[in-house]
Amino acid sequence: MDERILITKELESNQPASDELIHLMLQNIGSLSEDLREAIYSGWCELLENNRLTNSQKQWLMDEIFAKELLYQGIERGQTDDTFTRSFTSLLLVQLLKDHYRNNWMKNEMEQQIISTSLRYMEVETDNRGLVPVIGWAHAFAHGADLLSAIARSEQITGTNVRQILSILTRALLEIDDFLWEEESRMVPAINVLIKRELLSQDDLNHWIQQNNQTILHQNNRNICWNRFLISLSWVLKFELIDFELVQESIFDFLHSYYKKRGII
């Protein structure tokens with residue numbers, strides 16, 4: 001029987017997930033069939049939200065992800081089909097973390113391993129593709145940004161990790177860039193979470209923004225991705241009623257300067 005049909009049939013049973021099901025789902029997590037890949041992702045969400053996985057099964061998933069280094073699969077080769085495994089493993093980790101925050105089943109050491117492994121992954125990912133013809137969404141940086149937002153909620157995150165997140169965003173927005181599918185906006189929630197948890201002060205955020213502003217201005221860089229990120233960040237801060245006046249001024253000054261120079265934002 002077709003793997004998608006097998007997976008869909010068992011997911012629709014509303015019974016506790018069998019070990020065979022989660023093995024099959026993880027085995028096909030980066031399938032080049034968009035329908036199968038999306039069915040598996042939706043399946044993870046459904047299984048976790050409805051408590052259909054045991055803690056032992058969740059732990060098995062974590063162990064397999066790390067043992068098989070799924071977040072790093074084929075990463076040295078850049079834009080290949082392996083990106084789909086990395087990208088959709090990121091989404092599975094997001095869901096596992098969300099479930100842990102609700103149900104508190106993960107040991108501190110495992111949570112710390114997720115943080116360190118995820119950050120190392122995002123420090124080396126290079127595939128900036130969004131929608132890939134025929135195959136569907138790769139979206140490694142968008143899904144990776146979702147993972148950054150999830151680990152920003154962790155009680156195990158450190159000040160060093162916060163600085164790593166900022167460095168990762170700098171690399172993505174200034175060095176990788178060329179995003180076409182609103183990936184920049186997906187990078188803002190991690191900042192929002194860190195601010196709300198008082199892990200990122202206005203002064204530190206403002207310093208980081210000004211550093212990146214100067215880098216772009218000095219390089220005479222036509223980086224539209226940074227502009228889009230700043231615009232999104234500015235509005236999110238307003239919508240969340242976060243009164244970071246210095247940050248808003250830095251964003252306005254940079255965009256105003258860019259507009260005067262280029263005639264566009």
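The values are calculated or read from the model by the stated rules, or taken from the named source; none is laboratory data. For clarity, every value in this text was computed on a predicted model and none was experimentally measured. Methodologically, a virtual Cβ is constructed for each residue, glycine included, from the backbone with ideal geometry; neighbour enumeration extends over all protein chains shown.
Determine if segment 49-70 includes at least one residue that is under 22 Å from Gly136 (Cβ atoms), assigned by TED's automatic domain parsing to the domain that holds Lys107 and either hydroxyl-bearing (Ser, Thr, Tyr) or not in a helix (DSSP H, G or I) (or both). The answer is no; no qualifying residue exists. When each of Leu237, Leu194, Leu233 is tested for being of a type outside the set (Ser, Thr, Tyr), under 17 Å from Arg163 (Cα atoms) and assigned to a helix (DSSP H, G or I), the lone residue that passes is Leu194. Residue count for segment 212-226, restricted to those that are surrounded by 15 or more Cβ atoms within 10 Å (Cβ to Cβ) and not in a helix (DSSP H, G or I): 1.
The lone criterion from (1) of a type in the set (Gly, Ala, Ser); (2) without any contact (Cβ under 8 Å) to a residue 40 or more places away in the chain; (3) more than 19 Å from Ile7 (Cβ to Cβ) left unmet by Ala39 is number (3). Total residues in segment 227-242 satisfying the condition of being closer than 12 Å to Ile209 by Cα, crowded, with 19+ Cβ neighbours inside 10 Å and more than 17 Å from the chain's Cα centre (by Cα): the figure is 2. Say whether the condition of being in contact (Cβ under 8 Å) with a residue 40 or more places away in the chain, more than 20 Å from Glu3 (Cα to Cα), exposed (fewer than 14 other Cβ atoms within 10 Å of the Cβ) and in contact with a Ser or Thr (Cβ under 7 Å, 6 or more places away or on another chain) is met by at least one residue in segment 43-66. Checked segment 43-66: no residue is in contact (Cβ under 8 Å) with a residue 40 or more places away in the chain, more than 20 Å from Glu3 (Cα to Cα), exposed (fewer than 14 other Cβ atoms within 10 Å of the Cβ) and in contact with a Ser or Thr (Cβ under 7 Å, 6 or more places away or on another chain). Report, by residue number, each residue of segment 1-21 that is hydrophobic (A, V, I, L, M, F, W, C) and touching a residue at least 12 places away in the same chain (Cβ under 8 Å). Answer for segment 1-21, where residues must be hydrophobic (A, V, I, L, M, F, W, C) and touching a residue at least 12 places away in the same chain (Cβ under 8 Å): Leu6, Ile7, Leu11, Ala17, Leu21.
Summed over segment 22-35, residues that are surrounded by fewer than 19 Cβ atoms within 10 Å (Cβ to Cβ), out of contact with any strand residue (DSSP E or B) (no Cβ under 6 Å at 6 or more places or on another chain) and in contact (Cβ under 8 Å) with a residue 24 or more places away in the chain total 3. Do the conditions hold for Ile209, that is, is it crowded, with 18+ Cβ neighbours inside 10 Å, under 24 Å from Ile115 (Cα atoms), over 18 Å from the mean Cα position of the chain (by Cα) and of a type in the set (Val, Ile, Thr)? Yes. Among the residues of segment 121-153, those identified as outside any helix (DSSP H, G or I) and among the β-branched types (Val, Ile, Thr) are Thr126, Val132, Val134, Ile135. Of all residues in segment 240-265, those being assigned to a helix (DSSP H, G or I) and among the hydrophobic types (A, V, I, L, M, F, W, C) number 6.
Residue by residue, here is whether (1) touching an Asp or Glu at 6+ places or on another chain (Cβ under 7 Å); (2) closer than 29 Å to Gln202 by Cβ; (3) buried (at least 21 other Cβ atoms within 10 Å of the Cβ); (4) not acidic (Asp, Glu) holds:
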residue	(1), (2), (3), (4)
Gln79	yes, no, no, yes
Leu93	no, no, yes, yes
Arg102	no, no, no, yes
Gln113	no, no, no, yes
Thr158	no, yes, no, yes
Ile165	no, yes, yes, yes
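Number of residues in segment 126-167 that are within 18 Å of Leu93 (Cα to Cα) and either hydroxyl-bearing (Ser, Thr, Tyr) or in contact with a Lys or Arg (Cβ under 7 Å, 6 or more places away or on another chain) (or both) equals 8.
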